[in-house]
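Asks: Right, I'll just put the structure down here and ask away after.
Please treat every number below as a calculation from the coordinates, not as lab data. Please read these numbers as outputs of a predicted model, since none were measured by experiment. Using ideal geometry, Cβ is built from the backbone for each residue, glycine included, and neighbour counts are taken over all protein chains shown.
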Amino acid sequence: MNNMASKEEVAAASEKVAKDKYRSFLHDEGESNTLWRHGAPPTYDDVNLLFEQGRAKVWPEGSLEEIVQNAIKSWEMELSHKIRLQDFKTINPDKFKLFVNGREGLNAEETLKVGSYNALLGSSLPKELKAYRSEEETFESSHEAFRSAFPRGFAWEVIKVYTGPPEIAFKFRHWGFFEGPFKGHPPNGNMVHFYGLATLKVDNSLKVEEVEVYYDPGELLGGLIISGAHTEDKHTATSQGCPFSTK
């Protein structure tokens, strides 16, 4: 069976994606030559609904907060679904660097290779102490693990913007409902969420050159592993996960 999307399906999907309220390809340049990871552009209906139902802030149209929020959502879309850096419109591939929690930065090619989850969940802890071993995961396996855990998606929002371009500093929130298994841990239906701080360095076209992210991975992983403990261990687990803080 041919698993490649037909030209008609790609065109229909492209039209639908182009109308996404929160994600754009920037500058309306078109995507006719873009190579998509799954053969066609993605749709975000489920996670958009989750976002609208659970967001803490509704930013005015055209505000700096809305612009930053939509730009990050667009970057996450490109990172997750485009397979060539030449098709990215949210970043400057030649200058891009991603820094997470003070670790050594990843360039654009390295970030695209490992994927957002592995880039954000890398750790210098000894292997036996890691709740998630990013060095053992591929782009595909990492995304599958979190798609399984959050079948309705993993929503993201801007909480506050502290400074404007060219160096943008902001606070964000990430959340989802643990409704599917994660690495052998059963779901409990609880909301898993965390906050973090980030900075973006952008050029004159608002393309990102550097991203720095600071958050506690334990707030995410604790909610999936501790609060998702097997029945016989639940008397020692808490619904809050471990205190510690990702598209």
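Asks: So, with +1 on the Cβ of K and R and -1 on the Cβ of D and E, and no other charges, what is the size of the charge dipole of region 15-142 about its Cα centre, to the nearest 20 debye? Please report the intermediate quantities before stating the final value.
Replies: Details: 18 positive and 23 negative charges, 47 e Å.
Dipole magnitude for region 15-142 comes out near 220 debye.
Asks: Which FRET efficiency value, to the nearest 0.05, do you get for residue 86 and residue 216 by plugging their Cβ-Cβ distance into 1/(1 + (r/R0)^6) with R0 = 45 Å? Don't skip to the answer; put the middle values down first.
Replies: Working: r = 35 Å, r/R0 = 0.77.
According to the calculation, E is roughly 0.80.
Asks: Average the reciprocal distances over every distinct pair of alpha-carbons in region 57-190, invert the result, and give the Kirkwood radius in Å.
Replies: Numbers: mean 1/r = 0.0604 Å⁻¹.
Hydrodynamic radius (Kirkwood, Cα pairs) of region 57-190 is 16.6 Å.
Asks: While we're on this one: Kindly write out, for region 122-130 in residue order, the coupling ³J(HN,Hα) from the Karplus curve 6.51 cos²θ - 1.76 cosθ + 1.60 (θ = phi - 60°), rounded to whole Hz, with x marking Gly and Pro.
Replies: Taking θ as phi minus 60°, the curve returns x, 8, 9, 5, x, 3, 5, 9, 7 Hz for region 122-130.
Asks: Please give the FRET efficiency for residue 57 paired with residue 205, using the beta carbon to beta carbon distance and R0 = 30 Å, rounded to the nearest 0.05.
Replies: Working: r = 26 Å, r/R0 = 0.87.
Efficiency for this residue pair is about 0.70.
Asks: Using amide H atoms built 1.01 Å from N in the peptide plane, name the residues 5+ places from residue 210, or on other chains, whose amide H lies under 5 Å from its own.
Replies: 97, 201
Asks: In nm, to one decimal, how far is the residue 129 label point from the residue 19 one, both placed 7 Å along Cα→Cβ?
Replies: Calculated label separation equals 5.2 nm.
Asks: Given a Förster distance of 30 Å, report the FRET efficiency between residue 113 and residue 148 from their Cβ-Cβ distance, rounded to the nearest 0.05. Before the final figure, lay out each step's value.
Replies: On the way: r = 22 Å, r/R0 = 0.73.
Efficiency at R0 = 30 Å is approximately 0.85.
Asks: Ok, one more. Which distance in nm do the two modelled labels at residue 141 and residue 197 give, with both placed 7 Å along the Cα-to-Cβ direction?
Replies: Distance between label points: 3.5 nm.
Asks: Once phi is turned into θ = phi - 60°, what whole-Hz ³J(HN,Hα) does the Karplus curve with 6.51, -1.76 and 1.60 give for every residue of region 171-180, x standing for Gly and Pro?
Replies: My calculation for region 171-180 gives 10, 9, 9, 10, 7, x, 10, 6, 10, x Hz in order.
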